[in-house]
1. If packing is taken as the mean number of other Cβ atoms within 10 Å per residue, what is the order of 72-83, 359-370, 285-296, 26-37, highest first?
2. What spacing in nm lies between the two simple spin-label points modelled at Arg135 and His37, each 7 Å away from Cα in the Cβ direction?
3. Using alpha-carbon pairs under 8 Å, 6+ residues apart, how would you state the relative contact order of segment 220-299 in percent?
4. What spacing in nm lies between the two simple spin-label points modelled at Asp287 and Val315, each 7 Å away from Cα in the Cβ direction?
5. Could you list the residues of segment 124-141 with an amide nitrogen less than 15 Å from a label point located 7 Å from the Cα of Glu75 in the Cα-to-C-beta direction?
6. Subtract the Cα-Cα distance of Tyr230 and Leu256 from 0.36 nm times their separation in residues, and report this length gain in nm to one decimal.
7. Tell me, what is the FRET efficiency for Val274 and Gln217 to the nearest 0.05, using R0 = 56 angstrom and their Cβ-Cβ distance as r?
8. Can I get the semi-axes of segment 304-386's equivalent ellipsoid? Compute them from the C-alpha gyration tensor as square roots of 5 times the eigenvalues, in angstrom, largest first.
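Derivation of every value follows stated rules applied to the coordinates shown; laboratory data play no part. The shown structure was predicted, so the numbers you read here are calculated from the model rather than taken from an experiment. For neighbour counting, all protein chains shown are included, and Cβ atoms are generated from backbone atoms with ideal geometry for every residue, glycine included.
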Amino acid sequence: MKLRLLACAILGAFAAAPLAQAGNVQLYGTIDLGVTHFTGLAPSGGGGAPGQTVSSTGLSSGVQSASRIGISGTEELGDGLLVLFRAETGFCAAGLSQTGASTVGFAGRGSASAADYCSGNGFMNRQAYVGLAGRWGTFLAGRLMNLAYLNEKAADPFAMGMAGNYNNINTELSGAALETDQVVAYVSPTFSGFSTTLGYAFNVLPDNSVVAGTGQQQNTTKTWVGGVNYSSGPAFAAIDYQLLQNFDAPPGGSGLRTGSLKMYQLSGGYDFGVLKLSALYGRTSMDYVSGDNTSYLLGATIPAGPGDVLASYDVSKFGMGDPAAPQARQYAIGYTYSMSKQTNLYASYARISNDTGSTRAVGDATDGFTGVSGQGSTGFAIGIRHSF
């Protein structure tokens, strides 16, 4: 029993959905639908001059968290050894015309294939892994949630969802995905509240192309991930580091990618009972690019009746070495109302102010948009989420 509980706790670092009991397979999922209204968006095709922005109003799938369905389970092998598995896919509960999850209509951060599933970019492509757990820890292999994203989700009062989520302006995951392919990872047992995660991705980008004009095979991007998490009572903290090798090509060179992207972040929080405070700081640097990108978040969660009041202030700066580097600032407030353990209502509002050179826009857990340089963006969302 202790081993099963340990395995469930370890896999909680990779996904919020519940694991099956030992020897069983569990079907689980989330259906999230909300009415959204976003302003300050770039017109179709991107760009847009000052004052030339458009808005989007509609029914969105995956506002607080992406709509999904999956199966998970464990099997006891004896001698304290456990097999774990998960296969999870996104789906568009509002239909396939959701603009912000595709390239149709706006310069969003999605893709054409994302329009078919609204998250994950493919069938069973949110998460898909198998692993072994024992007293020595857990080994996993497959497509896993990015460790940086999971730590951001823990620190963000909006849990990277609704209008106002930290992902609207954060720069830490530049060049990296929320989920990473071809990962092998190790999660240590927890000692005095501390656990360690180490991971390696064999190929996180489609880099098997030939460089035009030279005929040389492109260098394949590799990713290394490491982090330490702490959780004890009302306190939590995390530090994580990510290195992408062969990510960027030197200017005026052969076109071969030889430069690296380095990202680290610190996060933590404390629950005082009447108020939970959280904070996060992240920094990203890339070879052959002048200056670093930085972001930080300050958040508060206040219990109110059967729900919580959520508030956050987020700032991103693009180019640490330049005192005049553009910034994006986001102010957000929201409320979640628990109708049961599985169902809740939510509402949130956010505003982003962009300096000249910054093009961030308000979105939600599934919808992502591009704004117009120097123009503000706002977003409002109200909806319902049910998990099973």
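1. Ranked by mean Cβ neighbours within 10 Å, highest first: 359-370, 26-37, 285-296, 72-83.
2. 6.1 nm
3. With pairs under 8 Å counted, the relative contact order is 23 percent.
4. 3.2 nm
5. In segment 124-141, the label zone of Glu75 (backbone N under 15 Å from the point 7 Å along Cα→Cβ) covers 129-133.
6. 5.4 nm
7. 0.40
8. Equivalent-ellipsoid dimensions as semi-axes: 31, 13, 9 Å.
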